[in-house]
Amino acid sequence: MPDGAAPVLDVRGLKTVFRTRGGEIHAVNSVSFHLRPGELLGVVGESGSGKSVTMMSLIGLLPSPPAEVRAGEVLLGGRDLLKLQPRELQEVRGAKVGFVFQDPMTSLNPVFTVGNQIMEPLMKHMGMSKAQAETRAAELLALVGIPDAKKRLKSYPHQFSGGMRQRVMIAIALACDPDVLIADEPTTALDVTIQAQIIELVKELRQKLGMAIVWITHDLGVIAGIADRVMVMYGGQVVEQAPVRELFSNPQHPYTRALLKTVPSLTGERAARLEVIQGQPPILAGEPVACPFRARCAHAFDRCHAENPLRRAIDGRPVGQGHDVACHWSAGGAHG
Amino acid sequence: MADGAMKSPLVQVRGLKMHFPIHAGLLRRKVGAVKAVDGVSFDIFEGETLGLVGESGCGKSTVGRALLRLYELTEGSVVIDGEDIATLAPDALRKKRPTMQMVFQDPQASLNPRMTVAAIIGEPLDEHTGWDAAKKTARVYELMDQVGLNRRFANRYPHEFSGGQRQRIGIARALALNPKFIVCDEPIAALDVSIQAQVVNLLEDLQDRLGLTYLFISHDLSMVRHIADRVAVMYLGQIAELSPREALYARPLHPYAEALLSAVPEPDPTMESRRQRIILKGDVPSPANPPKGCNFCTRCPKVMAVCREVEPRLAEVEPGRFVACHLFDNNAGGQASPGAEVREHNQQGEQR
């Protein structure tokens with residue numbers, strides 16, 4: 001992955017707001033990131049951190065109202081997706097951007113056969129005939145490791161196990177050879193041995209097809225195993241971003257540091273007590289005016305309560321290229 | 001209780017079977033059974049935490065529920081504190097309930113949305129004690145202090161709390177009657193990573209302070225390593241391996257336990273890139289129609305001819321380590337059951 005390669009996806013200053021009766025919820029606040037060709041970007045965060053909403057905003061999957069993408073640019077192949085008409089956007093979804101959701105049970109339509117659902121984007125976006133689409137659908141099923149693919153096209157989702165359904169979802173997402181695959185917690189609903197199968201599959205497909213992937217998860221272990229670069233989100237913002245090894249060996253943001261410590265290890269020293277992040281995640285009402293992590297942060301000082309920190313590079317490279325962090329405390333270098 | 005000062009078993013489970021009938025056809029005749037739990041035996045010692053791990057559908061939650069007789073057992077006995085609760089008459093069972101309690105997975109679904117926190121935590125007291133209101137309120141406050149809930153919140157409703165706080169309410173309710181034994185059924189699965197540690201620490205503190213005994217059911221193997229003293233790995237309704245925590249995680253003996261542990265991703269990129277995973281092929285067979293012989297034979301990377309014919313028994317193959325696998329037939333000295341005499345040698349042990 002040469003640093004110079006033009007990004008396939010470039011998101012700048014994305015802001016998404018939900019209008020509710022209780023006021024505005026600022027779910028995504030000035031999120032910027034990019035994705036280079038063939039790269040796997042891991043997005044980590046707890047529920048409510050804005051990671052899914054960010055990705056859904058990109059391709060207009062959020063119902064509006066209540067959601068409103070208020071600012072930002074989403075550049076994919078030179079076009080700003082936020083400026084497209086609904087019909088044009090439909091062309092992008094499925095064809096240019098593939099999406100794999102968390103729950104394979106609810107994201108497949110139970111009344112259509114699996115073959116039907118894989119063939120739909122092929123006929124719609126690629127202009128294939130039914131026969132062509134059927135051949136391609138069988139190839140795709142075989143590609144994601146479903147045995148006896150031709151016969152299984154006629155099966156319904158309920159006839160597949162959870163892991164198999166997630167393979168079908170991946171086949172649908174890959175159908176039109178997208179530039180970008182967005183996987184939103186694709187293994188969270190699966191058992192660990194099945195999760196291992198799916199992760200192996202994605203690694204294999206990346207080598208074969210070379211697409212860029214955004215992988216959203218709350219599981220730091222999964223990220224450590226597959227990501228090239230990691231973006232940590234908290235309270236609707238990117239709080240830290242770094243190459244995967246750098247992030248795990250040299251975490252800067254107090255939230256990242258704490259998060260890495262709260263997860264018990266499978267090997268290595270067993271701590272007598274788990275480290276705890278006190279308190280609760282923030283409610284994102286109103287425009288952010290201070291650091292979202294301030295209430296739970298052990299290092300918070302006056303400035304954290306008065307000013308929302310901007311992302312700042314710590315290794316001299318431009319923000320987004322190397323290691324950057326949004327924190328007054330770690331930017332001050334006070335911790336050595 | 002890793003100090004070797006093992007006390008007597010508080011819970012003794014022998015040959016526990018929990019079969020759910022399948023009815024089909026016009027007359028809804030019984031055509032088969034889902035063998036959710038099929039012959040499980042283990043002990044839980046006083047003051048220890050036994051971890052029960054396995055994938056969804058392996059029967060771990062059913063074991064937890066059967067232990068408290070939330071189901072009528074198909075077969076087997078569950079002796080808790082000297083009494084077999086499988087055969088207790090309803091009256092006697094009701095008197096027994098205060099000693100054994102449960103913390104559920106989903107704190108949202110297991111708390112009545114129309115009851116205040118004080119009413120939820122106090123309900124076991126209404127049912128099982130004849131205390132007056134003042135005494136009950138005092139106890140509710142005491143419980144709220146114990147689990148780290150602010151007393152001022154006593155008159156609020158569950159929806160006003162976050163997931164972690166709701167789980168604290170569930171724990172307080174379980175503690176109300178001073179139980180000896182608590183089944184924790186995936187108590188942290190529905191919580192965020194940063195909240196999980198808070199709840200686990202609370203459970204550990206309470207155990208130290210009140211001398212509780214836990215059955216900790218979870219699919220999170222890293223967390224079970226943290227909290228459990230011994231760990232039982234279940235597969236398709238049976239125990240594949242039951243070992244002390246350190247021994248299991250350092251060197252799992254049963255091929256399924258080995259594969260399961262190798263599948264858990266570690267938050268360490270350097271280690272992840274070096275790691276050799278055992279990727280199991282295929283899915284778990286249906287518990288309505290388990291394979292002949294060893295129930296893991298369809299996916300086992302070390303399967304032998306005998307595995308497809310003869311069902312292995314859980315036997316002690318090393319001191320304190322019980323494994324149900326034909327690979328260890330020579331170690332086990334025939335077919336022993338938990339508690340039987342132990343043979344000294346083992347094939348893989350010492351060199352590593």
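The values are calculated or read from the model by the stated rules, or taken from the named source; none is laboratory data. This structure is a prediction, so every number in the text was calculated from the model and none was measured. So basically every Cβ, Gly included, is an ideal-geometry build from the backbone, and we count neighbours across all protein chains shown. Side chains included, ligands, DNA and RNA excluded: accessible areas come from the protein's heavy atoms. Shrake-Rupley method; radii C 1.70, N 1.55, O 1.52, S 1.80 Å.
Brief remarks follow.
- Against the list (1) of a type outside the set (D, E, K, R); (2) open to solvent by less than 40 Å² (accessible area, probe 1.4 Å); (3) out of contact with any Lys or Arg (no Cβ under 6 Å at 6 or more places or on another chain); (4) more than 30 Å from B:Pro252 (Cβ to Cβ), the condition A:Ile283 fails is (2).
- Scanning segment B:137-168 for residues that are open to solvent by 30 Å² or more (accessible area, probe 1.4 Å), in contact with a Phe, Trp or Tyr (Cβ under 9 Å, 6 or more places away or on another chain) and within 14 Å of chain A (Cβ to nearest Cβ) yields a total of 4.
- No other residue among A:Arg93, A:Arg87, A:Arg165 is modelled with pLDDT under 90, open to solvent by 10 Å² or more (accessible area, probe 1.4 Å), among the basic types (Lys, Arg) and in contact with a Ser or Thr (Cβ under 9 Å, 6 or more places away or on another chain) apart from A:Arg165.
- When A:Gly45 is tested against (1) in contact with a strand residue (DSSP E or B) (Cβ under 6 Å, 6 or more places away or on another chain); (2) within 14 Å of chain B (Cβ to nearest Cβ); (3) surrounded by fewer than 21 Cβ atoms within 10 Å (Cβ to Cβ), only condition (3) is not met.
- Elements of type strands (runs of 3 or more DSSP E) in segment B:201-318, at least 3 residues being modelled with pLDDT of 95 or more: B:213-218, B:230-235, B:238-244
- Residues considered: B:Val53, B:Val78. Of these, the only one that is closer than 18 Å to B:Ile188 by Cα, touching a residue at least 40 places away in the same chain (Cβ under 8 Å), surrounded by 18 or more Cβ atoms within 10 Å (Cβ to Cβ) and of a type outside the set (S, T, N, Q) is B:Val53.
- Filtering segment A:233-243 for residues that are assigned to a helix (DSSP H, G or I), modelled with pLDDT of 90 or more and open to solvent by less than 30 Å² (accessible area, probe 1.4 Å) leaves an empty set.
- Of the residues in segment A:287-301, none is at positive phi and within 12 Å of chain B (Cβ to nearest Cβ).
- With respect to being in contact (Cβ under 8 Å) with a residue 40 or more places away in the chain and either closer than 27 Å to A:Leu259 by Cα or of a type in the set (Phe, Trp, Tyr) (or both), A:Leu40 fits the description.
- Checking each residue in segment A:102-124 for being open to solvent by 80 Å² or more (accessible area, probe 1.4 Å) and in contact with a helix residue (DSSP H, G or I) (Cβ under 6 Å, 6 or more places away or on another chain) picks out only A:Pro110.
- B:Pro291 more than 17 Å from B:Lys60 (Cα to Cα), in contact with a helix residue (DSSP H, G or I) (Cβ under 6 Å, 6 or more places away or on another chain) and either within 8 Å of chain A (Cβ to nearest Cβ) or of a type outside the set (Phe, Trp, Tyr) (or both): no
- Within segment A:54-88, the set of residues being among the polar types (S, T, N, Q) and more than 17 Å from the chain's Cα centre (by Cα) comprises A:Ser64, A:Gln85.
- Verdict on A:His305 being assigned to a helix (DSSP H, G or I) and either more than 9 Å from chain B (Cβ to nearest Cβ) or over 30 Å from A:Glu24 (Cβ atoms) (or both): yes
- Scanning segment B:263-278 for residues that are closer than 26 Å to B:Phe322 by Cβ and within 8 Å of chain A (Cβ to nearest Cβ) gives B:Ala263, B:Val264, B:Arg277.
- Residue count for segment B:169-220, restricted to those that are away from every other protein chain (no Cβ under 11 Å), of a type in the set (S, T, N, Q) and open to solvent by less than 20 Å² (accessible area, probe 1.4 Å): 2
- Scanning segment B:234-248 for residues that are within 12 Å of another protein chain (Cβ to nearest Cβ) and either β-branched (Val, Ile, Thr) or surrounded by fewer than 22 Cβ atoms within 10 Å (Cβ to Cβ) (or both) returns B:Arg245, B:Glu246.
- B:Ser61 vs. criteria under 14 Å from the mean Cα position of the chain (by Cα), open to solvent by 20 Å² or more (accessible area, probe 1.4 Å) and in contact (Cβ under 8 Å) with a residue 12 or more places away in the chain: yes
- Only residues that are closer than 17 Å to A:Gly221 by Cα, without any contact (Cβ under 8 Å) to a residue 12 or more places away in the chain, more than 7 Å from chain B (Cβ to nearest Cβ) and not polar (S, T, N, Q) were counted in segment A:240-280, giving 4.
- Of the criteria (1) under 17 Å from A:Arg257 (Cβ atoms); (2) open to solvent by 40 Å² or more (accessible area, probe 1.4 Å), which one A:Arg296 fails: (2)
- A:Gly268 being among the small types (Gly, Ala, Ser), on the phi > 0 side of the Ramachandran plot and open to solvent by less than 20 Å² (accessible area, probe 1.4 Å): no
- Residue in segment A:152-162 that is surrounded by fewer than 20 Cβ atoms within 10 Å (Cβ to Cβ) and in contact with a Gly (Cβ under 7 Å, 6 or more places away or on another chain) present: yes
- Of all residues in segment A:81-110, those that are more than 19 Å from A:Gln195 (Cα to Cα) and part of a helix (DSSP H, G or I) have Cβ atoms under 9 Å from Cβ atoms of residues that are of a type in the set (Ser, Thr, Tyr) and modelled with pLDDT of 90 or more, 6 or more apart or on another chain, in A:Leu82/A:Ser57.
- Residue match in segment B:267-276 (condition: among the aliphatic types (A, V, I, L, M) and closer than 18 Å to B:Leu248 by Cβ): no
- From the list B:Ala86, B:Ala134, B:Ala118, the one residue that fits, being farther than 22 Å from B:Leu210 by Cβ and buried (at least 19 other Cβ atoms within 10 Å of the Cβ), is B:Ala86.
- The number of residues in segment A:309-319 that are within 17 Å of A:Thr256 (Cα to Cα) and assigned to a loop (DSSP other than H, G, I, E, B) comes to 4.
- Within segment A:194-209, residues that are more than 11 Å from chain B (Cβ to nearest Cβ) sit with their Cβ atoms under 9 Å from residues that are surrounded by fewer than 18 Cβ atoms within 10 Å (Cβ to Cβ), at 6+ positions apart or across chains, in these pairs: A:Arg206/A:Gly38; A:Leu209/A:Asp177.
- Of the set (1) touching a His at 6+ places or on another chain (Cβ under 7 Å); (2) on the phi > 0 side of the Ramachandran plot, all apply to B:Ala240 but (2).
- Number of residues in segment A:115-145 that are more than 25 Å from the chain's Cα centre (by Cα) and farther than 16 Å from A:Leu209 by Cβ: the value is 16.
- Of all the criteria given as (1) in a helix (DSSP H, G or I); (2) modelled with pLDDT under 90, the one not satisfied by B:Ala189 is (1).
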